[in-house]
Ligand SMILES: Nc1ncnc2c1ncn2[C@@H]1O[C@H](COP(=O)(O)OP(=O)(O)O)[C@@H](O)[C@H]1O
Ligand SMILES: [Mg+2]
């Protein structure tokens, strides 16, 4: 029983990340009609926002202390981050809280990236076939990840959670669960609710939802959807970016994490039902949990390697028996 | 009436064969005349020709073709290990196995069209890649990669009385060692055969049917065609081409690793095809050659080479230029690939073949505005490219089509 | 009616609550030309969509030559001998005119699938000469090697008709074949359809132009709001007050 609970908990944070990425994918696809293969790279960029902020805060000042010498006889170098020498303990605190701080930084940065991407590239592909959209965003994804590789190197860069939530909590006697994963779960739920509330309760959101149902009609009403879609793209970018920022203490980011998550998130979208926001979210969590179950030793000893392919298998089964996905609208992709 | 006759095609094939066989001489001036590189041209040419049979003719964009390449390589190396160092059984087994693999993946993926198909193929390729690294390690030898050992059984070779285990085995074609120039000529001849078969497919009623599916799959149904088996055949043929290419990789260098199945490798063959011109006969081969040539050059560059290259510049400027150029060469080749990708899609959707055609017959060659519906003819053909811009309004994808 | 080629029995079709068709009972007799008329949105195209397998009816059955069509794929229905011209031409935009017409003939020869790799497309002389003939017949003889997207709207309609005719269908469904055509073109189409009719093909035609309807139709069915409001010979329909009412303000008969 405990084992099951633990696996469910373990799956939730990964599921949260899938859900957040898939949400943006399906939102952009449903409104702009664009398949964005660079959406995983955006998640990765978000993660590297956190890495950058952390590195910036940790920039060190080197002072030579002539009174002490190293084993080599040279004066001892004392390294202190600038921020600590300026702000003292507050500086240390800032470094420790670099991940949450990165969020404040990542929102405008990701929004900017999203807007630039949409205005500078995506908008020219609205009228081109999906194949072209896939190809151009695929190229962009490669470029983004290679740039990150040039700057940050190929190795994963671990980030730590703030000390307040760095430890683990014992839920039952056998279940020890890191605080940060709980934080991530609540964070993703909050973000998801935020997006849903935004779409449900604002006029803007209403237009967007109407656009997802029937773009042409909304266009005929004289509403400038193009501009709204730019904002939608920006929102999707921010959501994926923040998902990346917060994920860094769970998975040390590296340059190719984007593609790994993108493929799985696409599968999540297909399983949930293309164009269904609720489907994307529930399928995200569902597949996250499934994956975590599949990686249990008990399961793996019976079906070796099942954790590697479980998500794909589920997708295949779903496509065969229920092509429109779990929550897709009837008639969509059924012919 | 059709612009392209049998004679045209035979001439095209003869010219193609002549260029391939004379490749070592023709490519001498650009410094590409050595067997290792020319083998790569030929092998990736085959890979791209096969990819083009699927994408160029049907418009179905597969993002998982590297999986078939990988399967072909593994199958070939196993054939070297278990049967014989002869290339023929290795190739035969690789082609058959990758065909079966394509059948399995195609059965599921082809239930969907458009982006769903792309996503599914990408997912399957990732899954294969993951499996090759994990559970299938007994077959793939995981990260180390699968290689030929002196101690392998090689039952066929033993049966024919070869002295197995005496020396480090090398691949051969009935005694001719598949390294150096013989290796290239072997690959070159297979390439010519592969090209000939693609001409046959392009010109056959089957090929025309595939084009019709690309043009209007809906209509095909009301015209009495069941598109699924057509697409399935194209997918399997295309997968077998990839398996063939994979087996040749193993023939020229008998080892196979999972990185061959990675999504970047799938992306590379897409780029080769669209760079040359999807839907054209020669384009994919041209694209493969160009990509592999520049990969070779760019990967070899390093800072000192760049410095000597930009020697004519003043010190400070040179420093900056070298720094920037350094991003794109050496390990940065993938960045160049990504940039090239975007440039082709944005500025040259018809690929180089279409570009060349526009230069050659300036008046009658309208611009191709997207890849999804790229030109279907060749420079040797009628040059029929769509005259009008594709002005269809964006159709909302998450909605059933309005009926009318 | 036992000589019915197509019998539509108790067909209903609703789109998320909208009843596009309700309680449709209709028999199309062998070799007749049957016109379906009615105001826009009456459900005429929807009815054809149900017949060719594009839409599944919510309820009811469609029989063609005694074979149940509901649940069949469009290609199976076409293989049985039903061909359709759409309201907006559905042709192969990237192919040439002659190719557009030859392709449908392959599905007659090879049924729904044929792996024809051994021969060349341009050496299928029989198929080619018949295509040329049909195209010349329809006045498209000058466009054989042209890409279809250079054709006029009227020519595209004619091309789609040619694509159907080469298949020698038993039943030809036409959805507004003259919409958007100039008078002269319309008259030419009427003549053409009369010739087709003379070959004995059963024709169902949806048409707004009453001149076309009365020149061709043996019987007429009037659809309004998804139900059949009248049926009969042209003379009966002309005098039917219900029809006039349905059309009032919609069309001038
Ligand atoms: N695929 C569909 N989804 C929803 N509503 C549809 C669909 N196809 C047709 N309709 C509706 O059904 C009704 C009948 O349409 P149609 O058969 O096209 O009329 P017409 O008689 O003009 O050909 C219309 O109200 C139309 O909006
Ligand atoms: Mg209609």
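The values are calculated or read from the model by the stated rules, or taken from the named source; none is laboratory data. Just so it is clear, the model here is predicted, and its values are computed rather than measured. Please note: Cβ atoms are built from the backbone with ideal geometry, for glycine as well, and neighbour counts cover all protein chains shown.
Looking at A:11, A:30, which is the one that is surrounded by 24 or more Cβ atoms within 10 Å (Cβ to Cβ) and in contact with a helix residue (DSSP H, G or I) (Cβ under 6 Å, 6 or more places away or on another chain)?
Going through A:11, A:30 in turn, just one is surrounded by 24 or more Cβ atoms within 10 Å (Cβ to Cβ) and in contact with a helix residue (DSSP H, G or I) (Cβ under 6 Å, 6 or more places away or on another chain): A:30.
In segment C:1-41, which residues are assigned to a loop (DSSP other than H, G, I, E, B) and loosely packed, with under 13 Cβ neighbours inside 10 Å?
Matches in segment C:1-41: C:1, C:2, C:3, C:16, C:17, C:40.
For residue C:48, indicate whether it is surrounded by fewer than 20 Cβ atoms within 10 Å (Cβ to Cβ) and within 11 Å of ligand 1 (Cβ to nearest atom).
Against the criterion (surrounded by fewer than 20 Cβ atoms within 10 Å (Cβ to Cβ) and within 11 Å of ligand 1 (Cβ to nearest atom)), residue C:48 does not qualify.
Any idea which of (1) more than 14 Å from the chain's Cα centre (by Cα); (2) outside any strand (DSSP E or B) is the one residue A:65 doesn't satisfy?
Condition (2) is where residue A:65 drops out.
From the list B:362, B:343, which residue is modelled with pLDDT of 80 or more and surrounded by fewer than 18 Cβ atoms within 10 Å (Cβ to Cβ)?
Step by step, each of B:362, B:343 is checked, and only B:343 is modelled with pLDDT of 80 or more and surrounded by fewer than 18 Cβ atoms within 10 Å (Cβ to Cβ).
Please specify each residue of segment C:146-167 satisfying the condition of being more than 24 Å from residue C:76 (Cα to Cα) and in contact (Cβ under 8 Å) with a residue 60 or more places away in the chain.
The answer is C:153, C:156.
For (1) modelled with pLDDT of 85 or more; (2) out of contact with any helix residue (DSSP H, G or I) (no Cβ under 8 Å at 6 or more places or on another chain); (3) over 16 Å from residue C:137 (Cβ atoms), each residue gets a yes or a no:
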position: C:171; (1), (2), (3): yes, yes, yes
position: C:175; (1), (2), (3): yes, no, yes
position: C:182; (1), (2), (3): no, no, yes
position: C:189; (1), (2), (3): yes, no, no
position: C:224; (1), (2), (3): yes, no, yes
position: C:228; (1), (2), (3): yes, yes, yes
position: C:232; (1), (2), (3): yes, yes, yes
position: C:252; (1), (2), (3): no, yes, yes
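Go through segment A:87-134 and give me each residue that's within 14 Å of chain B (Cβ to nearest Cβ), more than 23 Å from the chain's Cα centre (by Cα) and not in a helix (DSSP H, G or I).
Selection gives A:126, A:127, A:128, A:129.
Need a quick list: helices (runs of 4 or more DSSP H) entirely within segment C:48-153 having at least 2 residues that are more than 9 Å from chain B (Cβ to nearest Cβ).
In segment C:48-153, C:97-109, C:125-137 are the helices (runs of 4 or more DSSP H) which contain 2 or more residues that are more than 9 Å from chain B (Cβ to nearest Cβ).
Looking only at helices (runs of 4 or more DSSP H) that lie completely in segment B:222-340, which have at least 3 residues being within 14 Å of chain A (Cβ to nearest Cβ) and modelled with pLDDT under 80?
B:315-328
Please tell me if residue C:86 is within 16 Å of ligand 2 (Cβ to nearest atom) and closer than 21 Å to residue C:170 by Cβ.
Against the criterion (within 16 Å of ligand 2 (Cβ to nearest atom) and closer than 21 Å to residue C:170 by Cβ), residue C:86 qualifies.
Among (1) over 14 Å from the mean Cα position of the chain (by Cα); (2) free of Cβ contacts under 8 Å to residues at least 40 places away in the same chain; (3) within 16 Å of ligand 1 (Cβ to nearest atom), which single condition is residue C:70 missing?
For residue C:70, the failing item is (3).
Does residue A:277 satisfy the criteria of being within 19 Å of residue B:122 (Cα to Cα) and either in contact (Cβ under 8 Å) with a residue 40 or more places away in the chain or surrounded by fewer than 23 Cβ atoms within 10 Å (Cβ to Cβ) (or both)?
Against the criterion (within 19 Å of residue B:122 (Cα to Cα) and either in contact (Cβ under 8 Å) with a residue 40 or more places away in the chain or surrounded by fewer than 23 Cβ atoms within 10 Å (Cβ to Cβ) (or both)), residue A:277 does not qualify.
Please indicate, with yes or no, whether at least one residue in segment B:148-166 is under 26 Å from residue A:294 (Cβ atoms), surrounded by fewer than 23 Cβ atoms within 10 Å (Cβ to Cβ), modelled with pLDDT under 90 and more than 24 Å from the chain's Cα centre (by Cα).
no
Return the only residue of C:35, C:20, C:4 being within 16 Å of ligand 2 (Cβ to nearest atom) and within 17 Å of residue C:220 (Cβ to Cβ).
Selected residue: C:35, the only one of C:35, C:20, C:4 that is within 16 Å of ligand 2 (Cβ to nearest atom) and within 17 Å of residue C:220 (Cβ to Cβ).
So which pairs qualify, if the first residue must be in segment C:197-212 and touching a residue at least 60 places away in the same chain (Cβ under 8 Å), the second must be within 16 Å of ligand 1 (Cβ to nearest atom) and in a strand (DSSP E or B), the Cβ gap must be under 6 Å, and the two must be at least 6 apart or on different chains?
C:204/C:34; C:204/C:173; C:205/C:35; C:205/C:174; C:206/C:36; C:206/C:175; C:207/C:35
Filter segment C:73-90 down to the residues that are away from ligand 1 (no atom under 16 Å from the Cβ) and farther than 19 Å from residue B:230 by Cα and list them by number.
Across segment C:73-90, the qualifying residues are C:80, C:81, C:82, C:83.
Looking only at helices (runs of 4 or more DSSP H) that fall completely inside segment B:1-118, which ones have 2 or more residues that are surrounded by 19 or more Cβ atoms within 10 Å (Cβ to Cβ)?
B:6-21, B:35-58, B:65-82, B:87-109
Name the residues in segment B:172-221 that are assigned to a loop (DSSP other than H, G, I, E, B) and away from every other protein chain (no Cβ under 14 Å), would you?
Across segment B:172-221, the qualifying residues are B:174, B:175, B:178, B:179.
Look at segment A:252-274 and say how many of its residues are at the interface with chain B (Cβ under 8 Å from one of its Cβ atoms) and under 13 Å from residue A:42 (Cβ atoms).
1
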